[in-house]
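The values are calculated or read from the model by the stated rules, or taken from the named source; none is laboratory data. In this text the structure is predicted, and so the values were computed from the model without any measurement. All Cβ positions, even for glycine, are placed from backbone atoms using ideal geometry, and neighbour counts span all protein chains on display.
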Amino acid sequence: MTSNAFEWSWRQFDELDDGAGGLFGTWRRRCKFMVRSLWLADFHRTNHAVLHLYAPRLAARDPWSTSRVIRPYLRRGLSVRGRMRAVAEHYAWMWAQVRRSVCEALYEGDAIELWGGLEAARLVLRAAGPQGREGELAIDLLWRGERVLSCAFSVVEASIAAGAAVPHDGPACVVGAIQGGRNALTALRELGHAGHRLQPTALMVAAVQGLAGGWGIGTVLVVARAAHVYSSYRSNRRRVGLDYDLLWQLAHARPHSAHYWRLPVTPELRSEAEVASRRRAQHRRRCALRLAVFDAVRDATAALIKVPAPVRARG
């Protein structure tokens, strides 16, 4: 059994690794991979089997998707058993709720447009790919075809992601990251100017809320900065630059557990009375844009599932 597990893990690494960093770098990664894979052999094989059952095209296109459980996943500190349950629950939920043709398109690498109502800005849904450790799906905000912002998330049982102390709360949209694209600063500025100086992250938050509404998910959990899957990494490449806690507070989220904030399921807008009179016209345009994104994404994602969920009215 040990010999078979060793051979299987060895072959898995050969399929996954790109050989970057020369011989020393490759052997260093191989040793880490082999130790983790052999130590967690049963979980690793189960992860592999789940992906090949529910998403064989994704497993073929993105081999790392079959090895989620052997590295930190979704949030910092999630147990190996929790990782396995999160992977299995996400793909089981997608299989049961989302139309087969949509799943296949996503797993083939296609992007599904959710919104395109502001000059050259678009929102698309895709499989997370390289962001898969932070969530299995991603919403991308594009500007002139360039990805300027991305949000990675999974659909899992809330208690799995947030911790055993949190009571059963049904499926949740669990956001593991929002991050900007490489060299996207100029594009972000142009997008902000076109969007009445609204922060692009506010558009992304509205999109996540719209997706949850379209898919009939009543809980949106967003990762705290200290719980981000890369929060313990020291390298600049993995450093978490965005202040997630401040972002969620600005979106009126409330603490849910040690690891997550709970986001309102619909956009909560500032009252005009809180805005200086000279800025109220701009404030109304910003609010209208956020609500337009929410409505468009909600309607677009509702069309992707097998039985459309009842559309929640905005509170």
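Worth pointing out:
- Pairs with Cβ under 6 Å, 6+ apart, first in the range 87-99 and more than 22 Å from residue 71 (Cβ to Cβ), second in a helix (DSSP H, G or I): 95/54
- Residue in the range 187-198 that is basic (Lys, Arg) and out of contact with any Phe, Trp or Tyr (no Cβ under 8 Å at 6 or more places or on another chain) present: yes
- Selection status of residue 278, modelled with pLDDT under 90, basic (Lys, Arg), farther than 19 Å from residue 134 by Cβ and out of contact with any Pro (no Cβ under 6 Å at 6 or more places or on another chain): yes
- Qualifying residue in the range 38-60 (condition: closer than 30 Å to residue 299 by Cβ, free of Cβ contacts under 8 Å to residues at least 60 places away in the same chain and aromatic (Phe, Trp, Tyr)): yes
- Tally of residues being at pLDDT 75 or above, aliphatic (A, V, I, L, M) and not in a loop (DSSP other than H, G, I, E, B) across the range 13-64: 8
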